[in-house]
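The values are calculated or read from the model by the stated rules, or taken from the named source; none is laboratory data. Keep in mind that this is a model prediction, so the values were computed, not measured. Glycine gets a Cβ as well: all are built from the backbone with ideal geometry, and neighbour counts include every protein chain shown.
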Number of protein chains: 2
Amino acid sequence: MRQAILNLEESKIREVANAGMGRADVLPFWFGESDEITPEPVRAAAVAALQAGETFYSHNLGLPELRQAVADYASRLHGPIAAERIAITSGGVNALMLAVQMLVDAGDEVLAVTPVWPNLTAQPLILGAHLRCVALQPQPDGAWALDLPALLAAITPQTRLLIVNSPNNPTGWTLSRAEQQAILARCRETGTWILADEVYERLYYRGDTPSGAAPSFLDIAVADDRLVAVQSFSKAFLMTGWRLGWLTMPPAMTPQMGKLLEFNTSCAPVFVQRAALAALAQTDTITPRIVAHLRQCRDTLVPLLQAVPGVHTSAAPGGMYAFLRIDGFDDSLALAKRLVAEAGLGLAPGVAFAPEADGWLRWCFASKDVARLRQGVQRLRDWLAGQG
Amino acid sequence: MRQAILNLEESKIREVANAGMGRADVLPFWFGESDEITPEPVRAAAVAALQAGETFYSHNLGLPELRQAVADYASRLHGPIAAERIAITSGGVNALMLAVQMLVDAGDEVLAVTPVWPNLTAQPLILGAHLRCVALQPQPDGAWALDLPALLAAITPQTRLLIVNSPNNPTGWTLSRAEQQAILARCRETGTWILADEVYERLYYRGDTPSGAAPSFLDIAVADDRLVAVQSFSKAFLMTGWRLGWLTMPPAMTPQMGKLLEFNTSCAPVFVQRAALAALAQTDTITPRIVAHLRQCRDTLVPLLQAVPGVHTSAAPGGMYAFLRIDGFDDSLALAKRLVAEAGLGLAPGVAFAPEADGWLRWCFASKDVARLRQGVQRLRDWLAGQG
C-alpha cells in the first residue's frame, strides 16, 4: 500500500463516535448531518423512477434536465450559469475529489485554509500533492477570522490550487465579499485554481446578500476563471444519504470532467437524479423551512452555551455548527471522549479539523427537536460542575 | 488542467453512439449493458427503504449486513472469505479506482493485459503511473489467447500492479486455472499486486468449474496475498444503473480502504444497499435465469455471424460480447460509424479497447429479445452485400 494512504489520518470524529458505540444514552451531535428524513415528495420521485424501471446507465455528466435545473437554480442565486458548466456527482465529496484529480499532479503545491473538514486536505495528499495550510485565527469572542494578508502572501505562482470552504466546517467562518474579491484577484495574478467548497451556502444567517445565500465565488468570477465551485444536495435538501452533488466549472473543463466521471463512478443513479429534480422544483418550500429551523437551533444553542461558565463560542454566520472551547481543556480528543463516556454527550474534537483547532469542539446543531440541544447543554453544564 | 487528464482518450464507443443520436432506427449493441430492467423484488427493497426513511449517511465500508451477505455469497463461489475483507463501492469502476488510488504512486509501473475496457488503463494514468501493456493474441478462429510466457516475463520487481480483466471485455478471453496459478506465483516472486476485474465471473459458459463461475484469483489466493478482486452488482443482477459493486482485499487493507471511501464518496446510499441485499437473497433465482438467457443470446448470435461471408468470430467462454472482424475493414472506428449511418447497426469499435484490436468490433449480446440479434445480423449481412 502507498505510504501516502497509510499516512492519511483516520477520522478522529469517528474515533470519538466509536467510543460511544452501544451507548443508547448518548446524545450524538458529532456528525455533520440533520436528523430529519428527506422530504416525502423527494423520496416519492425516486420511488416513481424505480417503479418505472429507470435502472440503466446514464450520462456521465448527469441527466441533461437535471444539469439544466441545477443551472437555473444556481443562476437565481449567483447570476447566469450555463448548464454546460455543471456536472452532477456522487455527493459533494466526490465533486471535490474529481476537481482535485483534474487539477493536481503529484508534487504540486496545494494551499488550504484551515481548520477545515479533513476530506479537503486528504484529497490532494491522495494525488501526491505537497500541502500547505493557512490557519484562520480564533478571536476573543470565539469566532474565527481570516488573516487576509497572510493568505494573499501564501498564494504564489507555485500554488497550483487554493482550497477554501466557506461557510466553513467546523468554525462557521464565512468569507466576506471583499475577501473573495482580493483572493480572486490574487489567484488571477498567480494562475492559481480556486476550489470553493460552498455546500453550506444556503445555511447563511446574516441576511446581507440579495439571494440570502452566503457570498459565493460564483457571484464575482467569470465563466473562464480558474474556479471550481462545489455544491451538494445534502444540506439544503436533507439528502445526505443520497450521495448527490454537483460542481460548476469553466466550460472548457466540461468534456475533461466527463472523462473523469466515467473513470470514477460512470454516473449517478437515474432514480437519485429524479429525486434531485423534485427537490429543486420545490426548493422554495423545502429550503427556507430548513434554514429557518437551523437558525432557531443556532439561536437556541449558542446563548445557552455562552451562559455556561468557561465556555467560549460565537454564533456562526453560516453552516450548522457551534464551535466552542472550554477553559482548562486543551486536548479536544481526550475531552470529547470523556464527554461521551461521562456526560453522554457526543461532540466532534477540534483536532479532527486542524492542529490549531485542538482545544475546540464542534457541535452540530441540525436537530429536528430543539429540546435535544437544551438537554445536551444541560449535560455539559452538569459535567463541568462535577469537575470542581 | 493536468496534461495527464487532457491526454486521456474520450470514449470511442460514445463517439460512435453519438453518431447515431436521434436515429430511432438504429439497433444499439454498443454499450455493455442488458436492456432488461432490474428485477422487481430488488427494486421493491429500495422502495421500502426509501419509504422507511433510510436517507442518512452510512458506514464507509458498507452496511455490515451487506458486507456479510457479500462474503457469504463470495464464499459459496470461491471458498471462505471473511466479511472484514469486503468493501461496498459505488459501482465496479469505483472499486477499481479505489484500488488504484490505494496502490499506485505517480511514476509507478503498472502492467495491463489488453485489449480491455478503457477505464482500466485510464485509472492508473490519472494517478500518474507509467503504463505498460501486454497484448492478447488473436487466433485464426477469432478467439483471443494469452501469451503466458510473454506476460510472465513482463512482470518484474519494478511492476507495482498487474491489471487483468477475466472474463475479458471485449474479447471474451477467460484465464484458465493454470494461467492464474502461474501469474500468482510470478507476482508473489516480484511483490506485484494483482487487480483482478472479475465482474463477468457469473457470465461463464464452459461449465468446467464446481461453482459454474469463471476461474477466479480468489479461488487460489490466500487472504494476505497482494490481490484486490473487483465485483459488481451490474451484470449478474441486472443493476447497472444502481452503481453498486464491491472489492475483496487483504484484511490489513480494510481500514485504509475505509479512509479512501470516505474521501471519494463517503458511502453508498443505504436504500441502494438494501436492494443489493434483496438481490443476493434471491441470487439462486435471479442469476441462473440471466446466465441461461445470455447463453441463448450468445448461441444465437455467434453462429449467425460465423455464417456471414468474411466475418470471423468465436463463441466467448465468458462475458456478454461477441468480438468480430470483417475481412477488408481494418479501421474499426470508421467501420462502426458507417454501420450506424448506413446499416442502422450500433457496435463498439475495437480500437476503443486497444490499438491491437483495431479492425475488430464488439457486439453486446445482452438483449432481452433474441430476435433483435437476428435482425442485427441481417442488417450486417445486407450492408456487406451492398459493398460489392
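Is it true that B:V16 is more than 14 Å from every other protein chain (Cβ to nearest Cβ), touching a Pro at 6+ places or on another chain (Cβ under 8 Å), assigned to a helix (DSSP H, G or I) and not charged (D, E, K, R)?
Against the criterion (more than 14 Å from every other protein chain (Cβ to nearest Cβ), touching a Pro at 6+ places or on another chain (Cβ under 8 Å), assigned to a helix (DSSP H, G or I) and not charged (D, E, K, R)), B:V16 qualifies.
Give the residue, chosen from B:R43, B:R85, B:R76, that is within 17 Å of B:Q273 (Cα to Cα) and in contact (Cβ under 8 Å) with a residue 40 or more places away in the chain. Please lay out each step first, then the result.
Working: B:R85 fails: within 17 Å of B:Q273 (Cα to Cα); B:R76 fails: within 17 Å of B:Q273 (Cα to Cα).
Selected residue: B:R43, the only one of B:R43, B:R85, B:R76 that is within 17 Å of B:Q273 (Cα to Cα) and in contact (Cβ under 8 Å) with a residue 40 or more places away in the chain.
Being more than 8 Å from chain A (Cβ to nearest Cβ) and either more than 23 Å from the chain's Cα centre (by Cα) or farther than 12 Å from B:A348 by Cβ (or both) is the requirement here; does B:G32 meet it?
The answer is no for B:G32.
Outside any helix (DSSP H, G or I) and in contact (Cβ under 8 Å) with a residue 40 or more places away in the chain, is that true of A:K368? It would help to see each step written out before you state the result.
Details: outside any helix (DSSP H, G or I): yes; in contact (Cβ under 8 Å) with a residue 40 or more places away in the chain: yes.
Against the criterion (outside any helix (DSSP H, G or I) and in contact (Cβ under 8 Å) with a residue 40 or more places away in the chain), A:K368 qualifies.
Among the residues of segment B:262-316 satisfying the criterion of being polar (S, T, N, Q) and within 12 Å of another protein chain (Cβ to nearest Cβ), which is surrounded by the most Cβ atoms within 10 Å (Cβ to Cβ)?
Step one: of segment B:262-316, the residues polar (S, T, N, Q) are B:264-266, B:273, B:282-283, B:285, B:287, B:296, B:300, B:306, B:313-314.
Filter once more, so that each one left must be within 12 Å of another protein chain (Cβ to nearest Cβ): B:264-266, B:273.
Values: B:N264: 27, B:T265: 25, B:S266: 22, B:Q273: 25.
Ranking the candidates gives B:N264 first.
Collect the residues in segment B:209-226 that are within 17 Å of B:D72 (Cα to Cα), buried (at least 16 other Cβ atoms within 10 Å of the Cβ) and of a type in the set (G, A, S), keeping them in residue-number order.
Answer for segment B:209-226, where residues must be within 17 Å of B:D72 (Cα to Cα), buried (at least 16 other Cβ atoms within 10 Å of the Cβ) and of a type in the set (G, A, S): B:G212, B:A213, B:S216, B:A223.
How about segment A:99-129: which of its residues are facing chain B (nearest Cβ under 7 Å) and within 17 Å of the chain's Cα centre (by Cα)?
From segment A:99-129, those facing chain B (nearest Cβ under 7 Å) are A:101-103, A:105-106, A:119, A:122-123, A:126, A:128; that's our starting set.
Correct list: A:N119, A:A122, A:Q123.
So is B:I163 within 14 Å of chain A (Cβ to nearest Cβ) and of a type in the set (A, V, I, L, M) or not?
Working: within 14 Å of chain A (Cβ to nearest Cβ): yes; of a type in the set (A, V, I, L, M): yes.
Against the criterion (within 14 Å of chain A (Cβ to nearest Cβ) and of a type in the set (A, V, I, L, M)), B:I163 qualifies.
Restricting attention to segment A:138-176, and to residues there that are in a loop (DSSP other than H, G, I, E, B) and among the charged types (D, E, K, R), which single residue is surrounded by the most Cβ atoms within 10 Å (Cβ to Cβ)? Steps first, answer last, please.
The initial filter retains those residues of segment A:138-176 that are in a loop (DSSP other than H, G, I, E, B), namely A:139-143, A:146-147, A:155-158, A:166-176.
Retained after the next criterion (residues that are among the charged types (D, E, K, R)): A:141, A:147.
Details: A:D141: 10, A:D147: 14.
This residue is A:D147.
Just need a number here: residues in segment B:350-388 that are within 13 Å of B:T171 (Cβ to Cβ) and acidic (D, E).
Summing the residues that are within 13 Å of B:T171 (Cβ to Cβ) and acidic (D, E) in segment B:350-388 gives 1.
Just checking, which of B:R202, B:R206, B:R243 is within 14 Å of another protein chain (Cβ to nearest Cβ), of a type in the set (K, R) and either crowded, with 23+ Cβ neighbours inside 10 Å or out of contact with any His (no Cβ under 9 Å at 6 or more places or on another chain) (or both)?
B:R243
Using the structure shown, decide if A:R338 is touching a strand residue (DSSP E or B) at 6+ places or on another chain (Cβ under 8 Å), among the charged types (D, E, K, R) and not assigned by TED's automatic domain parsing to the domain that holds A:G212. Break it down stepwise before answering.
Details: touching a strand residue (DSSP E or B) at 6+ places or on another chain (Cβ under 8 Å): no; among the charged types (D, E, K, R): yes; not assigned by TED's automatic domain parsing to the domain that holds A:G212: yes.
No: the conditions fail for A:R338.
How many residues does segment B:1-13 hold that are facing another protein chain (nearest Cβ under 8 Å) and in contact with a strand residue (DSSP E or B) (Cβ under 8 Å, 6 or more places away or on another chain)?
0
Would you please name the residue that is surrounded by the most Cβ atoms within 10 Å (Cβ to Cβ), looking only at residues in segment B:65-86 that are within 16 Å of B:T209 (Cβ to Cβ) and of a type in the set (A, V, I, L, M, F, W, C)?
Within segment B:65-86, the match that is surrounded by the most Cβ atoms within 10 Å (Cβ to Cβ) is B:A74.
Scan segment B:218-240 for residues that are among the hydrophobic types (A, V, I, L, M, F, W, C), more than 14 Å from chain A (Cβ to nearest Cβ) and touching a residue at least 40 places away in the same chain (Cβ under 8 Å) and report the count. Even if it seems obvious, please write down each step before you answer.
Initial filter on segment B:218-240 (among the hydrophobic types (A, V, I, L, M, F, W, C)): B:218, B:220-223, B:227-230, B:233, B:236-239.
This time we only want the ones that are more than 14 Å from chain A (Cβ to nearest Cβ), so: B:218, B:220-223, B:229, B:236.
Within this subset, residues satisfying the condition of being touching a residue at least 40 places away in the same chain (Cβ under 8 Å) are B:218, B:220, B:223, B:236.
Total meeting the criteria: 4.
Go through (1) in a helix (DSSP H, G or I); (2) over 19 Å from the mean Cα position of the chain (by Cα) for B:M21 and report which single condition fails.
Unmet for B:M21, out of (1) in a helix (DSSP H, G or I); (2) over 19 Å from the mean Cα position of the chain (by Cα): (1).
Which condition breaks for A:L333 when tested against (1) surrounded by 21 or more Cβ atoms within 10 Å (Cβ to Cβ); (2) in a helix (DSSP H, G or I); (3) not aromatic (F, W, Y)?
For A:L333, the exception is condition (1).
Would you mind stating whether A:R43 is closer than 25 Å to A:V222 by Cα and either within 22 Å of the chain's Cα centre (by Cα) or crowded, with 23+ Cβ neighbours inside 10 Å (or both)? First the steps, then the outcome.
Values: closer than 25 Å to A:V222 by Cα: no; either within 22 Å of the chain's Cα centre (by Cα) or crowded, with 23+ Cβ neighbours inside 10 Å (or both): yes.
No: the conditions fail for A:R43.
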